[in-house]
Each structure stands twice: as C-alpha cells, then as structure tokens.
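Undergrad: Okay, handing you the structure first.
Only the coordinates and a few stated rules stand behind these numbers; no lab work does. Since this is a predicted model, take the numbers as computed values, not measurements. Here Cβ is always computed from backbone atoms with ideal geometry, including for glycine, and neighbour counts include all displayed protein chains.
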Amino acid sequence: MDETVIRGMLKWPNVAAVYGWLSLDRRGNWMIKTAAARFERIGNAAVCAFIGRNYARDGEGRWYFQNGPQRVLVSLEYTPWIYRVDDAGRGFVTHTGARPRSLEAVFLDDAGGLLLQTDLGIGTILDRDLPVVLEGLRDESGRSVEPLLEGLARGVNARGSVIFHGCKLPIASVHAADVPHRFGFIARPAPRPGEPDC
C-alpha cells in the first residue's frame, strides 16, 4: 500500500466505506460509475496503477481499493484477479501488475472460461491469452488437453491433471455461479446493517 494511503488511514481512521462506485470487469479494467449511473472504464494509467497498488481483500472476502482513509469496495464482474500471460510467455501477471509465485490449480468453468488458482488467489485468464494458455497445457502423456477439457465441460471426469511448463497441476470443472462461494470472496459487496452507504 502507498505510504500516503497509510498516513491517511492513520489520520482519519473512521471514514465510511464507499459501495457501488468501482468495479473490475473480466478484462481487468477498472470501471467507475458516472453521474449518469453507468460504468465507464478508467483510462488514466496513473490512476489505474494507484488503484492496483492499493487493492486488497478484507477478512470477509470483500475486495477493495484503499483511497487514502476511505475504503472503496469493488464489485467484481467475475473474479478478483485477471491473469494474463507475461511477456516471456511462461508465467502470469495480474491486472494490477502483481506476479504470482506459484500456480496451484486450473479450473474450467461451465462457460468455457479457464481459471487459475495461485498463491494470490483465484482469477480468470484474460480472454485474448486463452489460446496461448491452452496451447501450453498438456496431459500427462504430453498430448493436447482438448479431450480432457471437452470432458470437463460435459461434467465427465470432473477432475484430472495437466502439465503446464513442466509443472503437474490438478484441473477440475467448476460452475461459474459457484466461484465466489467456493473461493471465498464476495463479488458484490454491500453495506452491513446500520453501516452508512456513501
């Protein structure tokens, strides 16, 4: 977290949280509510970097952006992390620029989306990088994982193993609607009873 943010939190510890103004879409774009009550992409790179550096999760599974003393709860279109393939083509980087240290599991959802479980948490693969990731996945015999993925999509063999750049990983199917509960996050945070909604 930025030093200025930490100082603001110490100086004004009881600022009410903000709900419903910031969201994260499936492509890793920060979206802000406009005066017309629509969401528009934040295009300023410095603002996006600031949000990314101060993006965190609370103990209840709500993701937020700490804007100085004020916590801005983030509505998630799908997952709290959006992973893309790094420039070397062998690892991943998040929409905030964070680099996971370990890849733990792969999931295929019922809409054909691919999710990664890393040390940072669950996230979906950026749609444009999906073909590259699928090409890098192999079954234990070194063959294409297409038959395994087709079986997972139909609910057949709902678990298995894949190899990604030499690492053996579990792969399983998951229903997109179950992802928040299964991975312990709240996609649409709302004020608690009695909590002000700024």
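Undergrad: Output the residues belonging to the range 79-109 that are in a loop (DSSP other than H, G, I, E, B), surrounded by fewer than 18 Cβ atoms within 10 Å (Cβ to Cβ) and out of contact with any Ser or Thr (no Cβ under 7 Å at 6 or more places or on another chain). Quick ask: steps written out before the conclusion?
TA: Our first condition is that a residue be in a loop (DSSP other than H, G, I, E, B); within the range 79-109, this holds for 79-80, 86-91, 95-102.
Still in the running and surrounded by fewer than 18 Cβ atoms within 10 Å (Cβ to Cβ): 86-91, 97-99, 101-102.
Hits for the range 79-109 are ASP86, ASP87, ALA88, GLY89, ARG90, GLY91, GLY97, ALA98, ARG99, ARG101.
Undergrad: Oh, and also: What is the one condition in (1) touching a Pro at 6+ places or on another chain (Cβ under 6 Å); (2) crowded, with 19+ Cβ neighbours inside 10 Å that ASP119 does not satisfy?
TA: Checking ASP119 against (1) touching a Pro at 6+ places or on another chain (Cβ under 6 Å); (2) crowded, with 19+ Cβ neighbours inside 10 Å, the one that fails is (2).
Undergrad: Determine whether the range 141-153 contains at least one residue that is over 22 Å from PHE92 (Cβ atoms) and of a type in the set (Asp, Glu).
TA: There is at least one residue in the range 141-153 that is over 22 Å from PHE92 (Cβ atoms) and of a type in the set (Asp, Glu).
Undergrad: Specify the residue that is farthest from the chain's Cα centre (by Cα); the eligible residues are those in the range 154-171 that are touching a residue at least 40 places away in the same chain (Cβ under 8 Å) and surrounded by 15 or more Cβ atoms within 10 Å (Cβ to Cβ).
TA: To start, the set of residues in the range 154-171 that are touching a residue at least 40 places away in the same chain (Cβ under 8 Å) comprises 162, 164-165, 167, 169-171.
Those left that are additionally surrounded by 15 or more Cβ atoms within 10 Å (Cβ to Cβ): 162, 164, 169, 171.
Working: VAL162: 22, PHE164: 20, LEU169: 19, ILE171: 18 Å.
By that ranking, first place goes to VAL162.
Undergrad: Still on this model: Among the residues of the range 16-66, what is the count of those that are touching an Asp or Glu at 6+ places or on another chain (Cβ under 8 Å), within 26 Å of LEU115 (Cα to Cα) and in contact (Cβ under 8 Å) with a residue 24 or more places away in the chain?
TA: Matching residues across the range 16-66 total 10.
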